[in-house]
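A.B. asks: Have a look at this one.
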Amino acid sequence: MPEATVVLGFDYGLRRIGVAVGQRITHTASALAVMRNHESGPDWAACDALIKTWRPQALVVGLPLARDGHEQAMTHAARAFAALLRQRYAVPVHLADE
């Protein structure tokens with residue numbers, strides 16, 4: 001039986017970052033945690049613990065676009081968070097339109 005591919009999804013917010021765990025074989029996802037996000041940045045200790053526990057093969061960050069598809073301030077913040085994840089962890093980081 002093939003090993004399940006685990007994906008962690010992040011819903012970036014200025015105060016909180018929602019985290020869900022997804023599994024590619026069954027195409028299911030479940031809410032996992034809520035991390036705090038401060039002016040100084042995300043709770044990296046909490047994120048490190050999630051990465052260590054779940055050992056995801058990929059990370060997905062929700063990309064909040066305006067209804068017309070244009071980028072907004074939160075879009076740029078989510079892209080910046082995705083870039084930080086990409087730098088910090090040795091796994092692919094994908095952006096997904098919310």
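The values are calculated or read from the model by the stated rules, or taken from the named source; none is laboratory data. Note that the coordinates shown come from a computational prediction; the quantities given were computed from them, not determined experimentally. All Cβ positions, glycine included, derive from the backbone under ideal geometry; neighbour counts span all protein chains shown. Note: areas computed on protein heavy atoms with side chains; ligands, DNA, RNA excluded. Shrake-Rupley method; radii C 1.70, N 1.55, O 1.52, S 1.80 Å.
A.B. asks: For percent of Cα pairs over 19 Å apart, several values are listed as (1) 43; (2) 39; (3) 51; flag the one computed from this structure.
C.D. replies: Of the listed options (1) 43; (2) 39; (3) 51, (2) comes from this structure.
A.B. asks: Moving to a separate point now. Against the longest principal axis of the chain, how steep is helix 73-88, in degrees 0 to 90 to the nearest 10, with axes from Cα atoms?
C.D. replies: 40 degrees
A.B. asks: Per the 1.4 Å probe, what fraction of the accessible area of the chain, in percent, lies on carbon and sulfur atoms?
C.D. replies: For the chain, the apolar C and S fraction of the accessible surface comes to 54 percent.
A.B. asks: Given a 1.4 Å probe, how much area per residue of the chain is accessible, in Å²?
C.D. replies: 65 Å²
A.B. asks: Please give the length that would be gained between residue 88 and residue 45 if that part of the chain were fully extended, namely 0.36 nm times their separation in residues minus their C-alpha to C-alpha distance (nm, one decimal).
C.D. replies: Between residue 88 and residue 45, full extension yields an extra 14.3 nm.
A.B. asks: With n ≥ 4 as the cut-off for DSSP H runs, can you work out [θ] at 222 nm for the chain, using -39500 (n - 2.57) per run divided by the number of residues, rounded to the nearest 500?
C.D. replies: My calculation for the chain gives -9000 deg cm²/dmol from helical runs alone.
A.B. asks: Using the charge dipole of the chain (Lys, Arg: +1 at Cβ; Asp, Glu: -1 at Cβ; taken about the Cα centre), state which of 87, 13, 69 has its Cα farthest towards the positive end.
C.D. replies: 87
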